Amino acid sequence: MTADDVDRHEPSSDQTAGETPGQRAELETPASHPARVLIVAHRTAPTPRLLAAVTDRARRGPCVFTLLVPGPYWDPDTEEAAAALELAAPLLVQAAGSQVEGIIGNSDPLVAVRDVLERAEFDEVIISTLPVHVSRWLRLDLPHRVEQLGLPVTVVTAEQSQRARSGKIG
């Protein structure tokens, strides 16, 4: 994983110079309390880059992870979110080195995040997206909109397939 694969963002309202989001969350979280990390992902939940980011975050200090899988906007009644959660859960548990809570949320990812933040406290958010050219969440500016809720955000973008990079799709 390279720095280009993971973008870290801070909320602009009370940003502290020289701190990364992970440092900020660790500073604000008492040593006896693990950092609470909300992972927002759907199709990218079991991807290598997200798993590597979770492993990296777990190595930086004690934390507890929750995976939020927003329902698909194209068919909110489908079981696709549940299937994504079921597929990703064991992989994320292995990457985190501890249990990962799973939540299926609203089909609007921002509403889903807001709903979760109303019910529980988190110290930081990891948003996992599809590659830039196909990511609806990036077109909606989801990372910036979640930052505006006051939490540091790390964006992990899934790797584009070799076929897509070469232009030989379909």
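For the stretch 1-88, the strands (runs of 3 or more DSSP E) that sit wholly inside it and include 1 or more residues that are under 26 Å from I104 (Cβ atoms) and modelled with pLDDT under 95 are 6-9.
Got a sec? Which of D75, D115, D141 is touching a strand residue (DSSP E or B) at 6+ places or on another chain (Cβ under 9 Å) and free of Cβ contacts under 8 Å to residues at least 12 places away in the same chain?
On inspection, the qualifying residue turns out to be D115.
Restricting the stretch 109-153 to residues that are in a loop (DSSP other than H, G, I, E, B) and polar (S, T, N, Q), the residue that is most open to solvent (accessible area, probe 1.4 Å) is Q148. A Cβ distance below 9 Å, combined with a sequence gap of six or more or placement on separate chains, defines the contacts here; from the stretch 42-58, residues that are of a type in the set (K, R) reach residues that are assigned to a helix (DSSP H, G or I) in the pairs R43/E80; R43/A84; R49/D5; R57/G22; R57/A96.
Filter the stretch 121-158 down to the residues that are in contact with a helix residue (DSSP H, G or I) (Cβ under 9 Å, 6 or more places away or on another chain), within 25 Å of W74 (Cα to Cα) and of a type in the set (A, V, I, L, M) and list them by number. Selection gives V125, I126, I127, L130, V132, V134, L140, L142, V146, V155, V156, A158. You will find that of V146, V132, V156, the residue that is under 17 Å from L92 (Cβ atoms) and among the aliphatic types (A, V, I, L, M) is V156 and no other. Scan the stretch 96-104 and give yes if some residue there is under 12 Å from the mean Cα position of the chain (by Cα) and modelled with pLDDT of 95 or more, otherwise no. Within the stretch 96-104, none of the residues are under 12 Å from the mean Cα position of the chain (by Cα) and modelled with pLDDT of 95 or more.
The values are calculated or read from the model by the stated rules, or taken from the named source; none is laboratory data. Keep in mind that this is a model prediction, so the values were computed, not measured. As a convention, Cβ positions derive from the backbone with ideal geometry for all residues, glycine included, and neighbour counts pool all protein chains shown. What goes into the accessible areas is simple: the full protein's heavy atoms, side chains included, and nothing from ligands, DNA or RNA. Shrake-Rupley method; radii C 1.70, N 1.55, O 1.52, S 1.80 Å.
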